[in-house]
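Take a look at the structure set out below.
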Amino acid sequence: MIQLTIDQQEIGVPPGTTLLAAARQLGLDIPALCSREGCEPENACMLCLVKRTDSGRLVPACSTLAEEGMRVESETEEVREVRRTGLELLLSDHLGDCAAPCQNTCPAHMDIPRMLGQIAAGKLTEAIATVKQDIAMPAVLGRVCPEVCERACRRAAVDSPAAICQLKRYVADVDLATERPYLPPCAPASGKRVAIVGSGPTGLAAAYHLLQAGHACTVLERTDRPGGSLRDFISLGQLPADVLDAEIALIGQLGATFRLATTVGLDIVVDALWSDYDAILLAVGPLKLAGREILSLAEPGKTQADKAGPGQKKLAGAKPGRTSQPDDRLPVDPHTYQLAMADSAGSRRLFAAGKAVRPYHLAIQSIAAGKEVAERIDCFLRGRPMTGWQRPFSVHIGPMQCDELVPLMTGVPDTARVEPAAGPKMGMNDEEARLEAERCLHCDCGKQEGCLLRKYADALGANPNRFHGERRLLVRQQQPGDVIFEPGKCILCGLCVQIANRAREPLGLTYIGRGFDVRIAAPFDQSVSAGLQRTARACAEACPTGALALRTECGHANACCAGCRGQ
Ligand code: SF4
Ligand code: SF4
Ligand code: SF4
């Protein structure tokens, strides 16, 4: 056995073992995009560099064999910086959208192309689960949202955007009409209790997500009906009251307790809130409408309670003694949504979100804020760092030329946007929804979850715009057969070439061109599908990026439902 040390950890490995294999035995995650068991190292990505401390040289871990007494560093800032720069060079001419523009634009980041693929495939149970992963009240939003995501839809450049909002409403309406509408799974009870002051869109969404995380939620509402500002849409004629009531009832079925006609500081003593709950969320809407509740929490003892509670410190931003002005907002920590005041034990258990904090104009923004603050509160209650949801590393193509949309339209119906025959207030029927969902171009990347380039760019904090390469034209080859090839995402790792060669593909793949113009293609101007008759699946699985993907049951590159993933 050969003895060596990697990051101060000693290990013995048989002769012929690479540094990469030895590091992996130690549980170290060295990025290596072009290395795969059974394939020869190509030294193409050069992300697996490690430092030999004897010579001070950086060497590729995938092709350097372990030597007796070798000492190697793999996790120093110097090594990370070299890897980061290598990744940024790979990304300089990378051409893809990790997530679709519609999803990036949706304030709740709903996976819109997945929902549309599921509707097109008639998988409505999966579709409502996709929607309700991010949006607590889709039947409401499908009626009142001004379609912000549709403004970013790439289909608009072809004719008109996909009718995302109508389709979200369709999925939610179909679900509500069933005997047992969808309820998301909830984690085991955590034993923690959260008081949510305010039952508008932020408070309801926060309860919806906190309940799924296993926390008990009590929603306190000043009026005798929950819904807050969402009820304004009823008077405007945009929202039937029974739709709002049905979606609120589902949050109740999920486990929320509603205490209606309850004003904090008047009907419930502030001290009781502090003593009975592990966290308190102020989702009270604009402060001018919620002065009493804010003041009571800010100064316990002034409005109702006789004895001072643990919340002694005045809330920063609240102005006791006068009605809050319309532009008053509570200053919260922008990352954690916590207010500055702490309880007697020094714990900052008071959170605020929604219009009390930011000048939201759209219900979807308030609902997204409820989801975000719920993630922070969940971290707080579990004693985890309060990072909440972090936007994953993403690359974006930006505006596309008309020609580039042509390959995206392959297999997509060239039909005009479907409007509900019964009128927009009635919504779509099954056939209309299916036809409209099929219009989606599925602009997102088929490897969002498995892409190693994205994974390591995220881990190393790579900046995709540090180096500017020439913007290539988007090409998506969707030839007959199973393979979808996007050369703009290829990092020339060579794994597909090796796998095809080893399987003795009649045609296979090869490198074509020289220098910066080198690319992967099938010989003799044949299609990539023709080159990968036996090994399409193996190559797509081995490809470290979304360059090679397999067409799914729905006909596009993304595994939009369980059926597509072969489950
Ligand atoms: S290949 Fe990876 S980095 Fe590129 S668009 Fe797809 S997921 Fe994003
Ligand atoms: S075509 Fe589909 S995936 Fe692309 S932006 Fe529009 S809805 Fe989203
Ligand atoms: S297409 Fe082939 S060469 Fe390009 S990244 Fe994928 S596996 Fe590597």
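The values are calculated or read from the model by the stated rules, or taken from the named source; none is laboratory data. Note that this is a predicted model, so its numbers are computed, not measured. A quick note on method: Cβ atoms are made from the backbone with ideal geometry, for glycine too, and the neighbour counts reach across all protein chains shown. What goes into the accessible areas is simple: the full protein's heavy atoms, side chains included, and nothing from ligands, DNA or RNA. Shrake-Rupley method; radii C 1.70, N 1.55, O 1.52, S 1.80 Å.
Some points to look at:
- Neighbours of P424, meaning other residues whose beta-carbon lies under 11 angstrom from its beta-carbon, give a summed charge of +2 when Lys and Arg score +1 and Asp and Glu score -1.
- Cα lying deepest toward the dipole's positive end in the chain, options L33, A261, S92, charges on Cβ: A261
- In sequence order, the range 491-505 has phi-based couplings of 9, 6, 6, x, 4, 5, 5, 5, 5, 5, 4, 4, 7, 6, 4 Hz under the Karplus curve 6.51 cos²θ - 1.76 cosθ + 1.60, θ = phi - 60°, and Gly or Pro positions carry x.
- Inter-label distance for D224 and Q390, nm, one decimal - labels placed 7 Å from Cα along Cα-to-Cβ: 4.9 nm
- Each Cα pair under 8 Å and six or more residues apart adds its sequence gap; the mean of these over the residue count of the range 95-134 is a relative contact order of 36 percent.
- Sum of -39500 (n - 2.57) over DSSP H runs of 4+, divided by residues of the chain (222 nm, nearest 500): -8500 deg cm²/dmol
- Surrounding net charge for D278, when Lys and Arg each add one and Asp and Glu each subtract one, Cβ distance under 13 Å: +2
- Computing FRET efficiency as 1/(1 + (r/R0)^6) for H361 and L65, where r is the C-beta to C-beta distance and R0 is 56 Å, gives about 0.35.
- Scanning residues 5 or more positions from Q338 or on other chains, those with amide H under 5 Å from its amide H are D333, with H placed 1.01 Å from N in the peptide plane.
- Taking Cα centre as origin and charging only the Cβ of basic (Lys, Arg, +1) and acidic (Asp, Glu, -1) residues, the dipole magnitude of the range 433-509 rounds to 220 debye.
- Straight-line cross-link reach from K192 at under 20 Å between alpha-carbon atoms covers these aspartates and glutamates, not counting any fewer than eight positions away in the same chain: D271, D276, D278, D343, E372, E375, D378.
- The range 1-92: C-alpha gyration tensor shape, a/c 1.5 cut-off, then a/b vs b/c: oblate
- For the range 408-484 and the range 532-550, distance of Cα centres in Å: 19 Å
- Here the spin labels are modelled as points 7 Å beyond Cα on the Cα-Cβ line, and at T5 and A503 they lie 4.5 nm apart.
- Using the Cβ-Cβ distance between R57 and E541 with R0 = 30 Å, the FRET efficiency computed as 1/(1 + (r/R0)^6) comes to roughly 0.35.
- Residue pairs, from the table K132/K455; K51/K447; K123/K447, whose Cα atoms sit over 23 Å apart: K132/K455; K51/K447
- Segments 264-272, 179-187 sorted - mean Cβ within 10 Å per residue, highest first: 264-272, 179-187
- Averaging the sequence gap over all C-alpha pairs within less than 8 Å and six or more residues apart, then dividing by the number of residues, gives the range 52-142 a relative contact order of 16 percent.
- Taking Cα centre as origin and charging only the Cβ of basic (Lys, Arg, +1) and acidic (Asp, Glu, -1) residues, the dipole magnitude of the chain rounds to 920 debye.
- Rounded tilt (10° steps) of 201-212 against the dominant C-alpha axis of the chain: 60 degrees
- FRET efficiency for the pair A157 and L435, taken as 1/(1 + (r/R0)^6) with r the Cβ-Cβ distance and R0 = 25 Å, rounds to 0.80.
- Using a probe radius of 1.4 angstrom, the carbon and sulfur fraction of the accessible surface of the range 194-289 is 52%.
- Hz values of 3J(HN,Hα) by residue in the range 128-133 - Karplus curve (6.51, -1.76, 1.60), Gly and Pro given as x: 5, 5, 4, 4, 7, 5
- Local net charge near C145, Cβ-Cβ under 10 Å (Lys/Arg +1, Asp/Glu -1): +1
- Three-way shape label, the chain, alpha-carbon gyration tensor, a/c 1.5: oblate
- C-alpha long axis of helix 164-176 to longest principal axis of the chain, angle in °: 70 degrees
- Using 0.36 nm per residue and subtracting the Cα-Cα separation, the extra length available between D276 and A421 on full extension is 47.0 nm.
- A protection proxy built from the mean count of other Cβ atoms within 10 Å ranks the segments 59-69, 505-515, most packed first, as 59-69, 505-515.
- Between 0 and 90°, nearest 10: helix 77-91 axis offset from the chain longest Cα axis: 80 degrees
- Sequence-distant contacts, meaning Cα pairs under 8 Å at least 6 residues apart, place the relative contact order of the range 69-206 at 20 percent.
- Whole-angstrom gap from the range 56-87 to the range 125-187, using each part's C-alpha centre: 47 Å
- Each label was represented as a point 7 Å from its Cα along the Cα-to-Cβ direction; for M409 and D93 these points are 2.8 nm apart.
- Each peptide among 170-177, 441-448 gets the average number of other Cβ atoms lying within 10 Å of its residues, and from highest to lowest they stand as 441-448, 170-177.
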